[in-house]
Amino acid sequence: MTDTFSVLQRAQALLATGRAEQALTELSTLTANEVTSPYAMQLRCAALSRLDRWAEVGDAARAGLAASGPDPDLLLWLGRAEHEAGRDEAAERVLLDGLALAPHDVDLLCAYADLCLAHGQLDKAAKLVELAAARAPQAPVVYATRIQIAHARGDHREAQRISREFVGVHPENPAAHALLGGTSAARGQVDAAYEGFRQAAAARPTERAFAESAMELRVARHPLMLPLRPILRFGAIKTWLVAVALILLLRTAGLPVLAGLLGFAWLAYCVYSWVVPPLVRRWVLRMWR
Amino acid sequence: MHDELFSPTIRDRPPPGRPPWRPESIVYPAFFGGPLAGALLGVLNGRRLALPTGQLLVIAAAGLAGFAARLAVGVFADGNSGVRLSGTICGLLVWLAVLAIQRRPFRLAVLRGVDPANLIGPGIAAAVGCGLLEAALILVLVR
């Protein structure tokens, strides 16, 4: 007979290093009785979620709840699975059931905040994450949710500031580096963004999203993409308004030829910004493979 | 306070239809096509983002107001360059209105994992179609 405790420990260690498939294999050696214990089910849900098999996460959480009764952690997984499946009303019910059992559970508060965020209820999401932050200000999930809320508000500077703090407190956490990469990218800081995703991908090579983002940023760092940096840095809106204002200014100043030239240069720049990025992407991907 | 936070507020949303376009990208057809192109794409994108009807009407009204302004320029200005220029400026103003309304819902859609749709085909079609329509209407109505 297998030693349940050591199986669970091995599965947890595999999961911590991002080897979700092997963790599932390890968990499958448990006997039918042990498999439905809340902790084994939680590990199973965590492993399945890493593999993006959310339908099975929901099934596993339901089986665990049926076998051992209400449990805040399993309700958390069921809520996340329902949210992933697009059944948000059900997800909310499940998360609120969990919060009724454990009103201060940081993960449940953040998962509920996430759900509210997806429905544009930013104020409620912020209040929920404040409650979580009062409990565990330095928990990774609290940082991640605060960053998402700042991002949804359009406050990229604040999002990047929180990501920096996250990386400072948890330098070993790949998600922290990935979020710093993402928030830097949102501010047009291509090099910092690449560095963030590179470190995230190095820390967890099994996570495809990190490698893909690092790849996208390698494209953005290509020399042919240098002329497009102003658009990335200042955003399309500001660059467009500045260009048009300049053209109009030249016209009203009685320099129609210069205005025409600038207009033509701007048109060429726009065409460049449509044509070159896909070509560079194809080129860089071919070099990669 | 807890009671209020922990009471349900989420409504299931209808299954996602077509993915929205990036509102920022509408600048190109609005710039080259004029206010009607910007407003048409803005309204279509607003439907993709499931915005309330009131906001769609605001975008449509902005487009019509932009076109009316162009007509006025056509009445009072000599030569074609003023009419052309007013098309560009009104197009950009309509785009700014679209942005003001759609930036946040678009960000939330991306946060939910929606991949934005490609605007190149519809954008060129709207810019050319609406641009020609505006030019024809201006010719017929005020020239």
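The values are calculated or read from the model by the stated rules, or taken from the named source; none is laboratory data. Keep in mind it's a predicted model, so treat the numbers as computed, not measured. Cβ placement follows ideal geometry from the backbone for every residue including glycine, while neighbour counts extend to all protein chains displayed. Side chains included, ligands, DNA and RNA excluded: accessible areas come from the protein's heavy atoms. Shrake-Rupley method; radii C 1.70, N 1.55, O 1.52, S 1.80 Å.
Tabulated values for the structure
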read-out: Mean residue ellipticity (222 nm) of the protein assembly as shown, computed from DSSP H runs ≥ 4 via -39,500 (n - 2.57), nearest 500; value: -25500 deg cm²/dmol
read-out: Amide hydrogen neighbours beyond the local backbone of residue B:12, cut-off 5 Å, H modeled; value: A:89
read-out: Estimated dipole of chain A in Debye, rounded to 20 [Cβ of Lys and Arg +1, of Asp and Glu -1, Cα centre]; value: 1680
read-out: Gain in span if fully extended, residue A:226 to residue A:134, counting 0.36 nm per residue against the direct Cα distance; value: 28.8 nm
read-out: Other-chain or far-sequence residues with amide H under 5 Å of residue B:117's (modelled H); value: B:21, B:22
read-out: Helix axis angle, A:156-169 relative to chain A longest principal axis, alpha carbon, degrees; value: 50
read-out: Label-point separation, residue A:3 to residue B:137 (7 Å along Cα→Cβ), nm; value: 8.0
read-out: Label-to-label distance, nm, for residues given as residue A:271 and residue B:110 (7 Å Cα→Cβ offset); value: 2.8
read-out: Average Cα contact separation per residue, chain A, under 8 Å, 6 or more apart, as relative contact order %; value: 8
read-out: Potential extension, residue A:84-residue A:121 segment - 0.36 nm per residue separation minus Cα distance; value: 11.6 nm
read-out: Pairwise label distance in nanometres, residue A:22 with residue A:241, each label 7 Å out on the Cα-Cβ vector; value: 5.3
read-out: Dipole magnitude of the stretch A:1-102 about its Cα centre (Cβ charges: Lys, Arg +1; Asp, Glu -1), debye to nearest 20; value: 220
read-out: Amide N proximity, the stretch A:76-97 versus residue A:208 label position 7 Å along Cα-to-Cβ, cut-off under 19 Å; value: A:84-85
read-out: Of all accessible heavy-atom area on the protein assembly as shown, the percent that carbon and sulfur account for (1.4 Å); value: 61
